[in-house]
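The values are calculated or read from the model by the stated rules, or taken from the named source; none is laboratory data. Nothing here was measured: the structure is a model prediction, and the numbers come from that model. No Cβ is skipped: glycine too gets one built from the backbone with ideal geometry, and neighbour counts run over all protein chains shown.
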Amino acid sequence: MKDVFVSSSPHIHSPEDIPWIMRQVVYALIPGALVGVYFFGLPAIKVIAVSMVSCVLVEALWQKAMKTRIQVNDWSAALTGLLLAMNLPAGCPWWMVAIGSAVAIVFGKQVYGGLGSNPFNPALVARIFLLISFPVAMTTWPQPRPFFTQTADAVTGATPLGALKTAIFEHQTVTAAPPIDLMDPFLGNIGGSLGEISALALILGGLYLIIRRIITWHTPVAFLGTVAVFTGVLWKIDPNIYAAPAFHLVTGGLMLGAFFMATDYVTTPISTRGKVVFGIGCGLITVIIRIWGGYPEGVAFSILIMNALVPLINRATQPKRFGAQA
Amino acid sequence: MSAFKGGVHPPEEKALVRDKAIETFPLSPLYHVLVQQHLGAPARPIVKAGDQVKKGQVLTEPMGFVSVPVHAPTSGRVRDVGKMVHPVTGLLSPCIVIEADGNDEWADGLPLERDPFSMAKDEFLEAIRNAGIVGMGGATFPTHVKLSPPEGKSIDTLIINGVECEPYLSSDHRLMLEEPEKVIKGTKVAMRVLGLDRAVIAIEGNKPDAVRVMKEKAPREIQVSSLAVKYPQGSEKQLIKALTNREVPSGGLPMDVGTVVQNAGTAAAIWDACSSGIPLIERITSVTGRGVRDPKNIRVRVGTVVRDVIEFCGGLEGAAKIIFGGPMMGIAQFTQEIPVMKGTSGILVLTEKDTNISDYSACISCGRCVEACPMGLIPSTLSKLGERGMWEEASKIGLMDCIECGCCTYVCPARRPIVHFIKHLKALSRAAASKKKGA
Amino acid sequence: MLTATLVVGGIGAVCALILGISLVTFAVKMDAREKEVMDNLPGANCGACGFAGCAALAHELTVNPDTRMTCPAVNEKMLQAIGEILGRDMGGVSPVIAAVRCRGGRQEAPVRYEYVGPRDCRSAQLIAGGPKGCGYGCLGLGTCATVCPFDAMVMGEDGLPRVITDKCTGCGKCVDACPRDIIALVPKTGNYCVGCISQDAPKDMKKICSVGCIKCGICADVCPFEAIVSEKGKAARIDQDKCRKCGLCVGVCPVSVITSRTAPEKARIIPQKCKGCGICEQVCPVEAISGKAKEPYRVDPGKCMGCGLCIEKCPTEAIERDNT
């Protein structure tokens, strides 16, 4: 009976596999990406396309060069490409995006041994690399304009968080920053990275992932909750120098980070308790950087710092064993 | 709030045979009775080629307390005491081959007629042992040993396991539906042996007709409990936790928390042995799966060759795997030249679509396995240690607590054969331990 | 200036004190014999033994009496000293190399089922005794190659492992990894090995493997040095201590199961030195030398198997290896 398969039990399997999971995350990012394209136009489409294609190409070339199986059909490189694009300003030149993609795939993932072995979130590694290498381009934010009104020259300006940081440095008060209608960052009519501008679109995507059981609610709730509570306490103490929690929740990369970056499987804790600890840590560090740090936004840094602590968190939050003696 | 942590919900697939009444498999010309059909010390054949045997005649002598004999499934002549592939190990194992003479004549005195409730506890245990009764849920642990816990272990709970949580299988379901009295009377015998005045029969809620029938027939002292469906609720430790909220300690047994669990089929066999002296020579088996043309529930004698059973059920069609047991913990076979055994609760034939033969990739730490593990282990770490043969580190994080239920492997998106890695680590650990002992 | 000196000096003193205390309180308890054993090892830390340096080998030898002395660079004096320290016989100096005793690859020895599971021979063995039709043959999943610390074992296209002679140090990790004990450590000086350890009956061998040993015993019969053991029911085995590498057995084996590691260098008679005594013709096991008395003899390169007996026995050292 040579055509019979023999393996260890179990002999049935849930239909979900890695490509399926990666695709679900890509689908969940589509609303956010569409908002970015709507407000930033053709440049946004270019960034997304270059990023995704470059990531897939670089991974395929690397795996071929290393003589290992080419696994780009697991969609993980494509997902990294999309996540990276969502984290970049729409005005990024194509070659910068390509460099970022190469850094994400090679130094964020492949040098550690490929999928499953990297300690840091690849898209964020690339983003921070680009931020430090090309600070001007990475902090030049095109202003949002509805799709059909875009012209060839994009007007750039500060993001809400950028304006906040400037106000604190120059005037030591947040009220000096131009006031904004919170509906704008909630819906997306605001400056920022091309994928982070619409809190609503990202929340919808995040809810899709939670309902599909791709991610659990623990990390986003812990992350967002900690930011809300921490900034809330500070705002209560002095609303002149601390912005309101609602402001902090909808601006910057928080929604993108809480639902899509801090929930990356490979670089986050494996147990539920660990995920909560991770979310809380990210929230604390994000607020600290936003309020007291040199950079206006702290989400990317906070996630990378917490990534470094994941092995420790895993050790400390092991599940309770059945029948364990006291 | 679930009764036990972890677990998965694979598609039940019981519709294939759930509503099919038990058919009796006709007498075969040849029976291959494996000598080792139980967990424990081996038994010694006491017949040789040429001997005439009658149905129910004892063929082997147990060599130790944790050991039981096997019996002739029909009358005839011993052709030889040779070897056959054992479905559990896949290796050639001692096997007594009997040529049926067609008369199907019982051994002298059988079947008896006695009132089990006038027997003493020791007589029960002897009858159960002499009848070769073992756990028929698949584990095949000698029942007389389970029913005689050592001094110092006081038992206050008896659970009859009619849960049948494995997908596809319906043998216990049909047994409870068609022969509820046997299961209940067997339960009463077990209660007598353990000195209890109460017992619980646990059935999963996906068998409402069985629950109804058992509730109708059960006397007041036997409670019939319908449980929410979740795999692996039929696993002893999980069932005890679900019903009594007691956790069997790591490295321990149910009797350490005052509980004894018996499969429903075993209960029926206990009744047959005590009331009629009939040994365990046949059982109800579900022959199911989309790889066999005509799935059925059959009453089949131990020693029947699987090739004949499959033919009786319409033959193979697109078969990719032939499994003894259920899809989650069953053992895949590489040949049809194997005999039905006491613990064969199912013969499952899966098509390629229904099984998983894909290659595996690296662990992505998604955590699904941690959520699914009913024993609170970290299967992903165990699988990574398994790739490197690091059994010592694995033992420190609960390797030996693993019940090999398969929940982790079922959910893993990287298709990693986690249970296999764990089996590998356990084998390395045992080899090192025996080397140390022998040195 | 003085303040700075005192401060830095003080810090240095405090650090030294901390280090000194740590040296005592955190000292690793070690069996005293370990250091002595290590002192008797070559100290090259080459790792050829299969462990992480001489200290690691010394540790393993001391705590685990089953550890093989796998250092290829020890001499007799070192071995004796270590033996005295540990109180056991360490064996003699004999460089060894791994030999794979199976020639039944994918083509020759077919599988009986399609295996699905970890890419590891030991794991495959757990599933019904392994997917190979032959219960003794190589499972071909490459665990031996994976555990080799020197990349000296490579899986071939045919599903069999190949030892790279130049890299193999005889550490024995592959021997331990193989679940079927197919790999053996043989003296480096040896050249021939029977590529089969099957104990299946000869009548079954055709179904199981086209190149498996059929236990015919012909090799044992032709061996002029009685170096081949052919027990009933077991595959033939070459006793490397007695084997003179004449290669006769290779030629007569009906299934070509005897392998050779290297192509041996043939013998060549130097006519000027040859006195025509004829001893070489007498000792040659394959009748490759011929000649007339008192005239230079000649080696037939077509028949010569390179065993070197003639070179050994020639009284005038008139025979040499032909390494052209």
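Before moving on, here are some points about what is shown:
- Criterion applied to B:GLY138, B:GLY132 was being modelled with pLDDT under 95, in a loop (DSSP other than H, G, I, E, B), under 22 Å from the mean Cα position of the chain (by Cα) and not β-branched (Val, Ile, Thr), and the one residue passing it is B:GLY138.
- Some residue of segment B:335-351 being under 30 Å from B:PRO29 (Cα atoms), in a loop (DSSP other than H, G, I, E, B) and within 8 Å of another protein chain (Cβ to nearest Cβ): yes
- Answer residue from segment C:135-167, given it is within 14 Å of chain B (Cβ to nearest Cβ) and in contact (Cβ under 8 Å) with a residue 60 or more places away in the chain and is nearest to the chain's Cα centre (by Cα) among those: C:PRO149
- Inside segment C:292-309, residues that are in contact with a helix residue (DSSP H, G or I) (Cβ under 8 Å, 6 or more places away or on another chain) and modelled with pLDDT under 90 make up a count of 2.
- The set of residues from segment C:100-123 being without any contact (Cβ under 8 Å) to a residue 40 or more places away in the chain and in contact with a strand residue (DSSP E or B) (Cβ under 9 Å, 6 or more places away or on another chain) comprises C:PRO110, C:VAL111, C:ARG112, C:TYR113, C:GLU114, C:TYR115, C:VAL116, C:GLY117.
- Answer residue from segment C:99-131, given it is away from chain B (no Cβ under 11 Å) and under 18 Å from C:ALA145 (Cβ atoms) and is surrounded by the most Cβ atoms within 10 Å (Cβ to Cβ) among those: C:CYS102
- One residue stands out in segment A:19-51 among those that are touching a residue at least 60 places away in the same chain (Cβ under 8 Å) and β-branched (Val, Ile, Thr): the one that is nearest to the other protein chains (Cβ to nearest Cβ), namely A:ILE21.
- The residue that is farthest from the other protein chains (Cβ to nearest Cβ), counting only those in segment B:289-306 that are over 21 Å from the mean Cα position of the chain (by Cα) and among the charged types (D, E, K, R), is B:ASP294.
- Any chance C:GLY91 is more than 10 Å from chain B (Cβ to nearest Cβ), surrounded by fewer than 23 Cβ atoms within 10 Å (Cβ to Cβ) and on the phi > 0 side of the Ramachandran plot: yes
- The residue pairs whose first member lies in segment A:216-231 and is within 20 Å of A:GLY205 (Cα to Cα), whose second member is part of a loop (DSSP other than H, G, I, E, B), and whose beta carbons are closer than 8 Å, counting only pairs six or more residues apart or on different chains, are A:THR219/A:ALA262; A:THR219/A:THR263; A:THR219/A:THR268; A:PRO220/A:ALA262; A:PRO220/A:THR263; A:PHE223/A:ALA262.
- B:GLY389 meets all of the listed conditions (1) more than 9 Å from chain A (Cβ to nearest Cβ); (2) assigned to a helix (DSSP H, G or I) but one, namely (2).
Conditions tested, residue by residue: (1) part of a strand (DSSP E or B); (2) aliphatic (A, V, I, L, M).
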| site | (1), (2) |
| --- | --- |
| B:PHE4 | no, no |
| B:PRO10 | no, no |
| B:ASP19 | no, no |
| B:GLN37 | no, no |
| B:ALA49 | no, yes |
| B:PHE65 | no, no |
| B:ARG79 | yes, no |
| B:MET84 | yes, yes |
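- B:ALA320 being at the interface with chain A (Cβ under 8 Å from one of its Cβ atoms), among the small types (Gly, Ala, Ser) and not in a loop (DSSP other than H, G, I, E, B): yes
- In segment B:155-271, counting only helices (runs of 4 or more DSSP H) that sit wholly within it, the ones holding 3 or more residues that are more than 17 Å from the chain's Cα centre (by Cα) span B:180-194, B:208-217, B:236-244.
- Criterion applied to B:ASP115, B:ASP156, B:ASP104 was being more than 14 Å from chain C (Cβ to nearest Cβ), surrounded by fewer than 14 Cβ atoms within 10 Å (Cβ to Cβ) and either out of contact with any Gly (no Cβ under 6 Å at 6 or more places or on another chain) or within 19 Å of B:SER28 (Cα to Cα) (or both), and the one residue passing it is B:ASP115.
- Condition met for A:THR272 (in contact with a Ser or Thr (Cβ under 7 Å, 6 or more places away or on another chain), within 14 Å of chain B (Cβ to nearest Cβ) and buried (at least 20 other Cβ atoms within 10 Å of the Cβ)): no
- Options B:GLU113, B:GLU23; residue that is of a type outside the set (Val, Ile, Thr) and closer than 30 Å to A:VAL6 by Cα: B:GLU23
For (1) over 20 Å from B:GLU166 (Cα atoms); (2) buried (at least 24 other Cβ atoms within 10 Å of the Cβ); (3) modelled with pLDDT of 95 or more; (4) more than 23 Å from the chain's Cα centre (by Cα), each residue gets a yes or a no:
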{"residue": "B:LEU348", "(1), (2), (3), (4)": "no, yes, yes, no"}
{"residue": "B:SER383", "(1), (2), (3), (4)": "yes, yes, yes, yes"}
{"residue": "B:CYS408", "(1), (2), (3), (4)": "no, yes, yes, no"}
{"residue": "B:HIS424", "(1), (2), (3), (4)": "yes, yes, yes, no"}
{"residue": "B:ALA439", "(1), (2), (3), (4)": "yes, no, no, yes"}
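- Scanning segment A:30-47 for residues that are under 22 Å from A:LEU130 (Cα atoms) and either surrounded by 24 or more Cβ atoms within 10 Å (Cβ to Cβ) or outside the structural domain of A:LEU88 (by TED's automatic domain parsing) (or both) turns up A:GLY32, A:GLY36, A:PHE40, A:ALA44, A:VAL47.
- Per this entry, B:CYS363 is counted among residues that are facing chain A (nearest Cβ under 7 Å) and more than 30 Å from B:ARG174 (Cβ to Cβ).
- Test result for B:ILE357, outside any strand (DSSP E or B), within 11 Å of chain A (Cβ to nearest Cβ) and either touching a Lys or Arg at 6+ places or on another chain (Cβ under 6 Å) or without any contact (Cβ under 8 Å) to a residue 40 or more places away in the chain (or both): yes
- Count of residues meeting criterion [modelled with pLDDT under 90, within 19 Å of C:VAL96 (Cβ to Cβ) and outside any loop (DSSP other than H, G, I, E, B)] in segment C:228-253: 0
- Of the residues making up segment C:181-213, just one is free of Cβ contacts under 8 Å to residues at least 60 places away in the same chain, part of a loop (DSSP other than H, G, I, E, B) and surrounded by 20 or more Cβ atoms within 10 Å (Cβ to Cβ), namely C:CYS213.
- Selection from segment A:153-188 of residues that are among the polar types (S, T, N, Q), surrounded by fewer than 21 Cβ atoms within 10 Å (Cβ to Cβ) and at pLDDT 85 or above: A:THR166
- Test: residue in segment B:292-313 that is outside the structural domain of B:VAL419 (by TED's automatic domain parsing), on the phi > 0 side of the Ramachandran plot and either of a type in the set (Val, Ile, Thr) or surrounded by fewer than 21 Cβ atoms within 10 Å (Cβ to Cβ) (or both): no
- Any hit, segment A:133-152, residues being of a type in the set (Ser, Thr, Tyr) and buried (at least 19 other Cβ atoms within 10 Å of the Cβ): no
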